Amino acid sequence: MSLSHGFVRGEALSCIYHGWSYARTGDCLRIPAHPGLTPPETIRTVTYPVAEADGVIWVAAGEPANAPPALVDLVPLRSMTALAGIAAIESAAGAKAGDEGLIDGNGIHLLLSSRRDGETLIHVLVPADAGPDARIAAARTAEGLRRRAEALQKKEAAQ
């Protein structure tokens, strides 16, 4: 079970399936099925540099090349996974992502991040002062864009 499905308990991240708890160093702290056991040092998970900026949590796969981009006056609305690469998303949006992975256009702001081969995380951002109608419209626009990008990716793969 991926620890991304886990939960934070105190200063530890716990697996939702088995309940194993890990320190921020990646060391296993506790195995509930064996309460008297001190977990060996070999039971650990990989850790990554993390930063919070403008309401978004940034995780670097290695040493970050630079600080997270400033998302001035934007707040996160939702995130979704697209079964499409960044090029297909850019094509569906009719705009290219900047160096920081941000697409601005049509009243919607998208922060793109490659997840694994053929998948992209799309983080939808809206102006901080956006009301409920604008937020709903942005979510619907992003969902339509995701569908178009996935259709483009499928079409490209079939050729």
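The values are calculated or read from the model by the stated rules, or taken from the named source; none is laboratory data. Keep in mind the model is a prediction, meaning the values are calculated, not measured. Virtual Cβ from ideal backbone geometry, glycine too; neighbours counted across all protein chains shown.
Observations on the model:
- Among the candidates I136, I108, I103, residue that is without any contact (Cβ under 8 Å) to a residue 24 or more places away in the chain, of a type in the set (A, V, I, L, M, F, W, C) and either surrounded by 15 or more Cβ atoms within 10 Å (Cβ to Cβ) or touching a Ser or Thr at 6+ places or on another chain (Cβ under 8 Å) (or both): I103
- Search result, residues across region 98-137 that are part of a loop (DSSP other than H, G, I, E, B), among the acidic types (D, E) and farther than 15 Å from A84 by Cβ: D99, E100, D129
- Scan of region 37-62 for residues that are in contact with a Pro (Cβ under 9 Å, 6 or more places away or on another chain) and modelled with pLDDT of 85 or more, ordered by number: P49, A51, E52
- Test: residue in region 7-24 that is assigned to a loop (DSSP other than H, G, I, E, B) and of a type in the set (S, T, N, Q): no
- With respect to being under 16 Å from the mean Cα position of the chain (by Cα), part of a helix (DSSP H, G or I) and of a type in the set (K, R), R140 falls outside the description.
- Number of residues in region 1-58 that are surrounded by 10 or more Cβ atoms within 10 Å (Cβ to Cβ), more than 27 Å from P69 (Cβ to Cβ), touching a Ser or Thr at 6+ places or on another chain (Cβ under 8 Å) and of a type in the set (S, T, N, Q) equals 2.
- Residue selection: A95 fails the criterion of being assigned to a loop (DSSP other than H, G, I, E, B), crowded, with 20+ Cβ neighbours inside 10 Å and among the aliphatic types (A, V, I, L, M).
- Check on R116, surrounded by fewer than 14 Cβ atoms within 10 Å (Cβ to Cβ) and of a type in the set (D, E, K, R): yes
- Among strands (runs of 3 or more DSSP E) entirely within region 33-82, having at least 3 residues that are in contact (Cβ under 8 Å) with a residue 40 or more places away in the chain singles out 74-82.
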